[in-house]
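These notes are about the structure you will find just below.
The values are calculated or read from the model by the stated rules, or taken from the named source; none is laboratory data. Since we're looking at a predicted model, the values are computed, not measured. Quick reminder, even Gly has a Cβ in these numbers, built from the backbone with ideal geometry, and neighbours come from all protein chains shown. The accessibility values were calculated without ligands, DNA or RNA, using every heavy atom of the protein model including side chains. Shrake-Rupley method; radii C 1.70, N 1.55, O 1.52, S 1.80 Å.
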Amino acid sequence: MATEVEGAMSAVQAFALVGALGVGSQWVAWKLRMPAIVLMLLAGVLAGPVFGLFDPQRDIGPLTAPMISLAVAVILFEGGLTLNFHSLRDAAEGVRRLVLIGAPLGWLTSTLALRYGAGLSWESSAVFGGIMIVTGPTVIAPLLRAARLSRRPAAMLQWEAIINDPIGALAAVLAFEVVLVLNTATTAGAAVMEFCVGIGFAAVLGGAAGWLMARSFKQAWVPEYMKIPVLFVVLLGVFALSDSLLHESGLLAVTVMGIMIANSNLASFEELRRFKEHATILLVSGVFILLAASLDFTQLGELTWRTGIFLALVVLVARPLTVMIALAFTKIPMKERLLVALTGPRGVVLVAVAGLFGERLAGLGVVDGGLIGPLAFALVTVTVVLHGFTLAPLARWLGQVAAETPGVLIVGGSRWSVGLAEVLAKHEVPVLIADPNRSHLRRARAADIQTFFGDILSEVAEHRVEINRFRVVITATDNDAYNTLVATDLAPEFGRENVFQLTREKSEFSRNQLPPSLGGRAIGDRATFGEMSRRMWEGWTFRSTRLTEQFTLEDWRALRPEAVLLGHIDKNGVFVVLQANKAEDFKGGPGMRLITMVPPGTEDIEVPQDQTEEKEADGEPEDAEEAAKIREVEEKNKRPSGAPGDEPLT
């Protein structure tokens, strides 16, 4: 047993360490805004070959290979579950070309780079080349959020990664099946027959299992609380059955099973999506730590100068050539093509699948099969680090950034929403107001604020709204339940710390109150929609105040005791919303601009003459002539408090 070896830890301790290192690395990467794969690689290498704390073969023993195989099966099923033919059919021309032309062409160019760059055999090159189609959806997503690319290149990179994920895995499975039958069959006829029967059996089994699962879920043969457990058990059963009848065909079967379920229009698909996300995070973390800890430095020592040639060919030749040919003769501008062509990070799935197939090829007698794992680590490390640090500057250089400053998405076209949007837009903070009621957007359109007519949670919004442009969400409609729904649904995408909503109305009966765990964070002084609307009719206005070394936050608070502090624009032009219970603890500094609401009749702050160029108090323009004109308009438009049509100037 593993515990009998000197210095070994128990299997339970090993599992706990793998989980802690994997999930811990992902959490630290989130905090530091770094690609998680880099930290997982570092953690696995340090715990394994560097310090010798964890050795999978020593501490887990014969369970290592089956665990990696099952984990990769679930990861490939997740990839198939992402491939929805409806999304592929409705995708832009560039996405379709990157999939239909780019995938097979990428397989070919990657295979050639491996054969003539790294010097691998044709067997290893064909299998690994198929895996290299995958550009890493788990890596692309955080890179896109950080770089805030414009719509079309972001969509092409995102959908290419999602759709090509199962295609790349499928290509690797098919290539390995060819190598498998050619190395085990005695005659060409038997090889062809074994290949056809194996592929056919795996495809039929996976398709039948996927259809049966979708049918049973639609017909309510399985209760809601058992859908995920039943799906997981069937997934493992399909993999085991197919693999036992024909070696390695289980990976193909589970991929087809996932594709069938993804295109079945299940009402409970959201629960399945959560399952695959949670399972993938755990399994990807575990597999990557296991593979990194299993890394043998002696194998890395076998990598020669040809590894550098291989990496250069992939980054500078294979990827750009594939994309430029795939997107040739399209209306896509050249700058967008260049951005996509020069962006191709590989992720965890590539390492996990490559490590598995590398071991299988070595077991079949392919001499250089053991080099696939080290080459995969080198490729992933170089591409993730390279694109992680260069994507944003490259996008800015090519002019393909959606917004230099991350914006604010406001749901609800009320007077309060428009007032906040106007004061933010004045300081060049991108703002979008979304509302399913067209009439609610009239005031926003009149104020030249960008709008979206429709439900922000709809599929149309998913395709038309550039989510990457926004950092903060504020839900402010007159429907508390809808505000809560939107905030709860968008929280995983934006991060719960960046999702806010106006405080819900309190009900006398607990049965009518929504759980406090739902919804976004409170904003301002915890005023409800009704209270905010009442203030607007009474003449409250939005103001912006720039803090300096002479005019501090304490000075502002002394002059504006009744003002409501909503947030501030930092030195980089980013709007930061203050949570209601943290506004009092806020410590402002020079260069910040406070965004506040002030009651009617509030006078402008007097600015000493010697500080006129250093302060812009309460949004007062520095141009005296313009200020006089605004005051003249204010006098002409004065109405009794709460009169219909009253439009307080911001």
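In terms of solvent-accessible area of protein heavy atoms at a 1.4 angstrom probe, what is the ranking of Phe239, Phe453, highest value first? Display every interim value, and only then the final one.
Values: Phe239 20, Phe453 95 Å².
Descending accessible area places them as Phe453, Phe239.
Heavy-atom accessible area, probed at 1.4 angstrom with all protein chains present, ranks His440, His278 as His278, His440, highest first. Sorted from longest to shortest, the spans of the Cα atoms of the range 203-249 along the three principal axes equal 34, 18, 9 Å. Computed over protein heavy atoms with a 1.4 angstrom probe, the accessible surface ordering of Arg337, Arg471, largest first, is Arg471, Arg337. Taking Lys and Arg as +1 and Asp and Glu as -1, the other residues whose beta-carbon sits under 13 Å from that of Ala481 total -3. Within the full protein context, the accessible area of His568 is estimated at about 20 Å² for a probe radius of 1.4 Å. Solvent-accessible surface (1.4 Å probe) assigned to Trp221 amounts to roughly 150 Å².
If you put +1 on each Lys and Arg Cβ and -1 on each Asp and Glu Cβ, how big is the dipole of the range 388-505 around its Cα centre, in Debye rounded to 20? Don't skip to the end; give the middle numbers.
Numbers: 12 positive and 15 negative charges, 71 e Å.
With Lys and Arg at +1 and Asp and Glu at -1, about 340 debye.
Per the Debye calculation on the range 311-466 with a single equal scatterer at every Cα and no solvent contribution, log₁₀ I(q)/I(0) for q = 0.11, 0.14, 0.17 Å⁻¹ amounts to -0.70, -0.88, -1.01.
Using protein chains only and a probe of 1.4 angstrom, how many square angstrom of Thr381 are accessible, to the nearest 10? Roughly 50 Å² of Thr381 is accessible to a 1.4 Å probe. Only Lys, Arg, Asp and Glu carry charge here, each on its Cβ (+1 for the first two, -1 for the last two); on that basis the range 327-372 has a dipole of about 320 debye about its Cα centre.
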